[in-house]
1. Take the conditions farther than 30 Å from Asn206 by Cα, touching a residue at least 40 places away in the same chain (Cβ under 8 Å) and open to solvent by less than 20 Å² (accessible area, probe 1.4 Å) and apply them to Ile311. Does it pass?
2. Take the stretch 1-27 and flag every residue that is closer than 22 Å to Pro142 by Cβ and small (Gly, Ala, Ser).
3. Out of all the residues in the stretch 215-232, which are at pLDDT 95 or above and under 20 Å from Val174 (Cβ atoms)?
4. Restricting to the stretch 337-371, name every residue that is among the polar types (S, T, N, Q), farther than 30 Å from Glu325 by Cβ, in a loop (DSSP other than H, G, I, E, B) and in contact with a strand residue (DSSP E or B) (Cβ under 8 Å, 6 or more places away or on another chain).
5. Within the stretch 167-184, identify whether any single residue is among the β-branched types (Val, Ile, Thr), open to solvent by less than 10 Å² (accessible area, probe 1.4 Å) and touching a helix residue (DSSP H, G or I) at 6+ places or on another chain (Cβ under 9 Å), and answer yes or no.
6. Given the criteria in contact with a Leu (Cβ under 8 Å, 6 or more places away or on another chain), without any contact (Cβ under 8 Å) to a residue 60 or more places away in the chain and under 27 Å from Leu208 (Cα atoms), does Gly100 qualify?
7. When the stretch 138-164 is examined, which residues are found to be surrounded by 13 or more Cβ atoms within 10 Å (Cβ to Cβ) and of a type in the set (D, E, K, R)?
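The values are calculated or read from the model by the stated rules, or taken from the named source; none is laboratory data. Computed from a predicted structure; not experimentally measured. All Cβ positions, even for glycine, are placed from backbone atoms using ideal geometry, and neighbour counts span all protein chains on display. Accessible surface is based on the protein model in full, side chains and every heavy atom, while ligands, DNA and RNA are left aside. Shrake-Rupley method; radii C 1.70, N 1.55, O 1.52, S 1.80 Å.
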Amino acid sequence: MKGRILVVNTGSTSTKIGVYDAGELLFEKNLTHSAEEVAKYHSVMDQGDMRRDTITDFLKEKGIPLETIDISMARGGLITPIKTGVYEVNQEMRDALMSGKDGVHACNLSALIADDIAVEVNKAREAKGIAEKCRAFIADPPMADEMLPEVKVGGLPEFERRTLFHALNSRAMVRRYARSIGKTNKDVTVIVAHMGGGASVSLHRNGLVIDTNDALGGDGPISPERAGSVPGFPLVEMCFSGRYTKDEVKKKLVGKGGAVAYFGTNDIREVRARALAGDQKCDIFLKGFAVSVAKYIGSLATVVGGKVDAIVLTGGIAYDKMIVEDIMSRVGFIAPVEVYAGENELASLAENGYGILAGEFEIKYYSNKLQ
């Protein structure tokens with residue numbers, strides 16, 4: 001592999017970056033932003049310049065000249081309609097991310113920062129007489145929608161099911177599985193359960209993601225900080241109880257649900273430690289989490305009539321062997337289970353970047369005309 005790639009992944013209080021050279025990771029760094037620093041800005045979308053400068057200053061400290069960067073890869077933001085794949089950052093994408101039309105989240109900053117850095121790289125290249133341009137891309141954004149029309153049907157016309165899942169890592173893990181058996185992602189049908197702070201389960205067939213859950217919108221399995229799908233009537237009672245504001249109810253579903261609601265922590269390792277120390281409530285919760293994920297895997301298998309080549313368990317919680325074994329015991333009858341633990345997002349972005357450099361991926365372009 002040839003080329004040097006910068007990877008940018010923005011979170012609420014940190015910016016993860018990685019630099020890859022000739023296919024190898026040179027270094028990665030989680031650049032944290034203090035509460036005091038973040039508090040200076042009215043919105044997360046106002047933090048772009050600050051975070052960009054933090055990255056470029058760090059690259060300078062590490063002795064990475066800007067002009068040596070060939071591609072600036074970014075985590076995708078909240079924009080629709082969009083398919084899976086790689087997209088070059090353009091003005092229409094920037095406008096959509098800045099507007100927050102499909103949601104405001106720190107991940108919206110990634111593409112903006114990557115594009116701004118590409119501009120700085122090209123200024124440095126021009127000064128050095130380097131003709132080739134650095135370009136900025138996103139890959140497999142979280143709201144990528146390739147769902148079958150029939151799986152979008154909700155119980156009410158107002159409640160059409162939508163997609164918001166861990167597309168980047170999930171798609172990369174399908175490619176990884178396919179390579180392991182000498183095939184491509186277009187040759188296999190795989191169910192991926194990504195288990196982290198949020199949990200998403202996605203069905204991949206012929207290179208498309210034909211069904212998944214809205215992991216940030218109150219749909220899906222229980223997770224460390226999300227309630228997952230909840231019964232409607234109790235939710236209605238909560239909403240009209242007068243005890244909570246609209247934002248507080250949403251926070252109960254996403255952010256303060258799951259293990260946070262039960263035990264005050266979003267760290268499954270802590271819950272596991274308490275379970276091993278004899279806390280039965282923690283033990284039951286962990287089993288409930290495994291059952292919840294297994295149920296979603298099983299339900300997605302029915303969409304393709306059980307014709308599934310493999311089930312992949314990934315994300316940080318896939319390091320918990322007891323949870324993995326519990327899920328495997330429940331879904332192993334459907335298909336063989338592969339475990340690829342970890343988030344893998346930086347490596348997944350780099351993989352897409354080298355695919356672009358090698359001409360392996362079709363480059364797509366976002367357009368507001370699709371709205």
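1. On the way: farther than 30 Å from Asn206 by Cα: no; touching a residue at least 40 places away in the same chain (Cβ under 8 Å): yes; open to solvent by less than 20 Å² (accessible area, probe 1.4 Å): yes.
Spelling it out, it is not the case that Ile311 is farther than 30 Å from Asn206 by Cα, touching a residue at least 40 places away in the same chain (Cβ under 8 Å) and open to solvent by less than 20 Å² (accessible area, probe 1.4 Å).
2. Once the filter is applied, which keeps residues that are closer than 22 Å to Pro142 by Cβ and small (Gly, Ala, Ser), the stretch 1-27 yields Gly11, Ser12, Ser14, Gly18.
3. Selection gives Gly220, Pro221.
4. Start the filter on the stretch 337-371 by keeping residues that are among the polar types (S, T, N, Q), which leaves 344, 348, 352, 367-368, 371.
With farther than 30 Å from Glu325 by Cβ added as a condition, the list becomes 352, 367-368, 371.
Narrowing further to those that are in a loop (DSSP other than H, G, I, E, B): 367, 371.
None; the set is empty.
5. The answer is yes; a qualifying residue exists.
6. On the way: in contact with a Leu (Cβ under 8 Å, 6 or more places away or on another chain): yes; without any contact (Cβ under 8 Å) to a residue 60 or more places away in the chain: yes; under 27 Å from Leu208 (Cα atoms): yes.
It is true that Gly100 is in contact with a Leu (Cβ under 8 Å, 6 or more places away or on another chain), without any contact (Cβ under 8 Å) to a residue 60 or more places away in the chain and under 27 Å from Leu208 (Cα atoms).
7. Those that are surrounded by 13 or more Cβ atoms within 10 Å (Cβ to Cβ) and of a type in the set (D, E, K, R): Asp140, Asp145, Glu146, Lys152, Arg161, Arg162.
Every residue, every condition in (1) open to solvent by less than 50 Å² (accessible area, probe 1.4 Å); (2) more than 26 Å from Pro141 (Cβ to Cβ), yes or no:
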| residue | (1), (2) |
| --- | --- |
| Val192 | yes, no |
| Asp211 | yes, no |
| Asp214 | yes, no |
| Pro234 | no, yes |
| Ser241 | no, yes |
| Leu253 | yes, no |
| Asp283 | yes, yes |
| Ala290 | yes, yes |
| Gly298 | yes, yes |
